[in-house]
Amino acid sequence: MKPGKGKGLSEKQIGYLMVLPALLMITVIAIWPVLRSFWLSMFDIRLNDPARTAVHLNYGLDMERYVETMPALIRVLNKKSAEAAGEALTALTDLKTAAENLQKELNRDPEIAKRYEEIDKLLYDFQPVPEQLKYLEVKKEQAILIKTQLASMQEKIDALSKAKTIEKPEEILGPLQGLRAAMIEPNYLGLTYYKTFFKEPRLWAALFNTFFFTVVSVFIELVLGLWIALLINKQFKGRGLVRAAVLIPWAIPTVISALMWKFMYDGQNGIVARFFETIGLVNDMSVLLTTKWGAMFSVIFADVWKTTPFMALLLFAGLQTIPDSLYESAEVEGASKTQQFFYITLPMLKSTILVALLFRTLDAFRVFDLIYVLTGGGPANSTETISIYAYKTMFAQMNFGAGSALSVIVFLCIAIISLIFIKVLGADLIGDNRGR
């Protein structure tokens, strides 16, 4: 029997089966949250607005709010009518009739009438309303009719208020606005958030801050990390202790180190701020956290201190793979230490450097905790990164739709960076293999 023939699976099919668990895991852990965020970004979802706390593709009615506000509106109109006279009495009577007719119109729907009774009984007994009873989908024509009638009632009450023919018009406006809020409209926006953000200066400022922080900090960490890796790669007494000491900043939790640096940057008692002022690096201690470039310098300096050991550890691992025989041969040929570095160390470390840069660039681009603790994105958003902007939008403003759109933008930026690095890294690895 020829290879590949028969009832068994082919090598290609077996290969696909072997990578299938990994693909499923990547889909569940990485792809699905991004798709979910993209889906939410197409809706106006706000947790501080009861009518927009979820995705609504159709018109609906908040039955609990309707049951609470409609009787209250009719009661207050009855009360105001009993106190009014002349034109005000006529207007209020018309408003009461309109409210009663609207209630009758809605109760013609069997489902609305049924839920009205159930929810009214629950509220009378001080019982919570179940979620499955609270929201009811209504037809578009019915929703538009309700909105039109409520808007007409609002105009009449505003006219009475301006004419000052009734006292305390807010007693009527409260229940009426509550009734209008009970109407749930579709909150689908499509790509509106993306169009808005790409025209917004704050987004581009946040992206600039993010890229500036990433490029400067990663470059400094690469230079210092390579220098430290070369030092700890040499033979000397106490080398193990030095290697362990170098990793201490990286081992400290980021929030703890950020708080530590915040105290040391303090404009009155910070020891680092005092030192920088003494050596002439800054004119005044207070500029480190209160000015645009002072704050950016501060967060970059703290990040370099924190993550340079990680870069050094990766490069040190790469140095361990370089055979000592190459350096011995170079010394025999009369090559200096500088020549050995540029013609042996750097070429052999190229793949390691690219991998280290990939990890650190992605980590630096999505920086959040260090800057959030140190400056909160200030002063005046001068250190606000795209991750902090997304956090403020989503959790401080409770705008989950806009926050999800920013999260997708962060993902796209990281995906582009990853593709660039992987393309360069892949080409480098292929080139190394061909050279061998």
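The values are calculated or read from the model by the stated rules, or taken from the named source; none is laboratory data. Please read all numbers here as calculations on a predicted model, not as lab measurements. Note that each Cβ is placed from the backbone with ideal geometry, even for glycine, and that neighbours are counted across all protein chains shown. Just so you know, the surface numbers come from the protein's heavy atoms only, side chains and all, with ligands and any DNA or RNA stripped out. Shrake-Rupley method; radii C 1.70, N 1.55, O 1.52, S 1.80 Å.
Quick look at the values:
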| quantity | calculated |
| --- | --- |
| Whole-angstrom Cα spans of region 165-258 along principal axes, big to small | 94, 30, 25 |
| Dipole magnitude (debye, nearest 20) for region 89-192, charges at Cβ of Lys, Arg, Asp, Glu | 240 debye |
| Helix-only CD estimate at 222 nm, as mean residue ellipticity for the chain, using -39500 (n - 2.57) per DSSP H run (n ≥ 4) | -22500 deg cm²/dmol |
| On Cα atoms only, tilt of 254-264 relative to the major axis of the chain in degrees | 80 degrees |
| Mean projected area (nm²) of the alpha-carbon convex hull when region 212-315 is viewed from all directions | 7.4 nm² |
| Gained length - I279 relative to I422, 0.36 nm times residue gap less alpha-carbon distance | 47.2 nm |
| Where Rh is the Kirkwood radius over Cα pairs, Rg/Rh for region 271-322 | 1.23 |
| GNM result for the chain, Cα springs below 10 Å: residue of A380, A30, A302 fluctuating most strongly | A30 |
| Region 341-388: Rg to Rh, with Rh as the Kirkwood radius over Cα pairs | 1.28 |
| Net +/- balance of residues flanking A91 in space, Cβ distance below 12 Å, scoring K and R +1, D and E -1 | -1 |
| Per residue convex hull volume, Cα atoms of region 32-112, in Å³ | 133 Å³ |
| For the chain, built as a Gaussian network whose Cα springs stay under 10 Å, the top-fluctuating residue of V223, V19, V408 | V19 |
| Reciprocal mean inverse distance between Cα atoms of the chain - Kirkwood radius, Å | 28.2 Å |
| Rounded tilt (10° steps) of 110-124 against the dominant C-alpha axis of the chain | 80 degrees |
| L40, L106, L23, ranked by accessible area, largest first (probe 1.4 Å) | L23, L40, L106 |
| 0 to 90° range, to nearest 10: angle between helix 170-181 axis and the chain longest Cα axis | 60 degrees |
| Longest DSSP-loop-exposure-free segment, chymotrypsin sites (Phe, Trp or Tyr not before Pro), the chain, at most 10 other Cβ within 10 Å | 237-436 |
| Loop-exposed GluC sites (Glu not before Pro) per DSSP, neighbour cap 13 Cβ within 10 angstrom, longest uninterrupted part of the chain | 1-166 |
| Contour minus Cα-Cα distance for S325 and E170 (0.36 nm per residue) | 46.9 nm |
| About the Cα centre, charge dipole magnitude for the chain (Lys/Arg +1, Asp/Glu -1 at Cβ), debye | 1240 debye |
| Residue of I29, I248, I420 that the Gaussian network model of the chain assigns the largest fluctuation, springs spanning Cα pairs under 10 Å | I29 |
